[in-house]
Amino acid sequence: MVSSLVTLALTVTWDPTIRGILVVLVSFLVLCGSGYLVLSTNVGSRLGFLVAAAAFWGWMTIMGAAWWVYGIGLEGAPPAWVVVEVLTATQAGDTSNARLPEARDLSGWRKLPEGDVILGEAQTAADEALTGEESPVARFEATGDYVTVGAYAIGGRDLSNPLSRIPGPSPPQHALVQVQPAVEVITLQEGQTCPAGATCIEFGETPPKAEPVRGAPVISVIMVRDLGSARLPPAIVTISSAVIFAIVANTLHRRDKLVAEHREQASV
C-alpha cells in the first residue's frame with residue numbers, strides 16, 4: 001500500500017497532472033462563478049445559487065446522457081479477454097484436465113479462421129499472458145518463440161439472430177488459443193555450423209515461416225470475455241446529476257409556491 005502511494009506520488013508532475021487540475025478548476029470557477037455572480041445581483045444570493053445549481057446539474061444530466069448513449073466522454077473499462085487458465089498437454093486438442101468445465105471438450109467449440117476478429121483479440125491477450133514480464137503464467141520470452149497451432153471460441157451472442165441485438169445480459173463467452181514452441185532459426189556467421197534440430201539460414205536470407213517443434217507440449221490459453229464497464233461512469237454521472245437536479249428543481253418549486261402564498265396573504 002505504501003509503495004503504491006509512493007509510486008503514485010512520484011508520477012505526479014507539474015505538467016500535465018497539476019497543471020491540468022488547475023486549468024479545469026479555474027475554468028469551472030470562472031464559468032460557474034460568473035453565471036452565479038450575474039444571477040445573484042439580479043435575484044439575490046440564495047435564489048441565484050438555486051437557479052445556477054439547477055442549470056449546472058441539468059446540463060450535467062444532458063451531457064451524461066449523451067455520454068451514456070454514444071459510449072463517449074468518461075469511459076470505464078473496455079471489453080477484454082481475461083486469461084483464466086494456462087494448460088499444458090502432450091497433444092493438440094487435449095484439454096481434459098482443464099479446470100473450466102466448458103474447456104474439457106472442444107467438440108462443441110468453433111474453430112477460429114485466420115482474420116477472425118475474436119482470434120485477433122484473443123491472440124493479443126494470449127501473447128501478453130505468455131510473454132508479459134509481470135504475467136504469473138509466462139512461458140516464453142518473446143512471441144517469436146512459439147507458434148499458434150489452433151484457436152477456438154464458444155458462447156456469446158449469436159449475431160446472426162436479430163433478437164441478439166436487444167440490450168440485455170449476454171451469455172458467457174470463452175476463447176482458447178493453443179501454441180507450441182517454434183523451431184529455432186539460427187543465422188549462421190562465417191565458419192559456423194548448424195546445430196542439430198535447428199533451422200539455419202545464411203546471413204541476409206529471409207527467415208522461413210515459423211514452424212512448431214514436432215512432439216513439443218501444446219500450451220492452451222483459456223480465456224473468458226469480460227464485457228467491461230465502458231458505460232458505467234457516464235451512467236453514474238447521468239443518474240446522480242438527474243437526482244441532484246430534481247432536488248434543486250423541487251426546492252425552487254416549493255419556494256415559488258411559498259412566495260405565491262405570501263403574496264396572496266399580503267393582498268388580502
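The values are calculated or read from the model by the stated rules, or taken from the named source; none is laboratory data. Computed from a predicted structure; not experimentally measured. Heads up, the Cβs are rebuilt from the backbone with ideal geometry, glycines too, and the neighbour counts pull from every protein chain shown.
Within region 148-168, if we keep just the residues that are of a type outside the set (Gly, Ala, Ser) and modelled with pLDDT of 80 or more, the residue that is farthest from the chain's Cα centre (by Cα) turns out to be VAL149.
Table: residues versus (1) out of contact with any Phe, Trp or Tyr (no Cβ under 9 Å at 6 or more places or on another chain); (2) among the hydrophobic types (A, V, I, L, M, F, W, C); (3) loosely packed, with under 11 Cβ neighbours inside 10 Å.
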position	(1), (2), (3)
ALA98	yes, yes, no
PRO113	yes, no, yes
VAL117	yes, yes, yes
ALA125	no, yes, no
GLY132	yes, no, no
PHE140	no, yes, no
TYR152	no, no, no
SER164	yes, no, no
PRO169	yes, no, yes
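Every residue, every condition in (1) more than 26 Å from SER220 (Cα to Cα); (2) touching a residue at least 60 places away in the same chain (Cβ under 8 Å); (3) in the same structural domain as GLY155 (by TED's automatic domain parsing); (4) assigned to a loop (DSSP other than H, G, I, E, B), yes or no:
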residue: ALA52; (1), (2), (3), (4): yes, no, no, no
residue: THR61; (1), (2), (3), (4): yes, yes, no, no
residue: ALA65; (1), (2), (3), (4): yes, yes, no, no
residue: VAL69; (1), (2), (3), (4): yes, no, no, no
residue: GLN91; (1), (2), (3), (4): no, yes, yes, yes
residue: THR95; (1), (2), (3), (4): no, yes, yes, yes
residue: GLY108; (1), (2), (3), (4): no, no, yes, yes
residue: ILE118; (1), (2), (3), (4): no, no, yes, no
residue: ASP127; (1), (2), (3), (4): no, no, yes, no
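Considering LEU163, LEU252, LEU258, LEU176, the condition of being within 30 Å of THR143 (Cα to Cα) and not in a loop (DSSP other than H, G, I, E, B) is satisfied by LEU176 alone. All conditions but one from (1) touching a residue at least 12 places away in the same chain (Cβ under 8 Å); (2) out of contact with any strand residue (DSSP E or B) (no Cβ under 6 Å at 6 or more places or on another chain); (3) within 23 Å of VAL177 (Cα to Cα) apply to PRO217; the one that does not is (2). Filtering region 193-222 to residues that are surrounded by 12 or more Cβ atoms within 10 Å (Cβ to Cβ) and over 37 Å from the mean Cα position of the chain (by Cα) leaves THR199, CYS200, ILE201.
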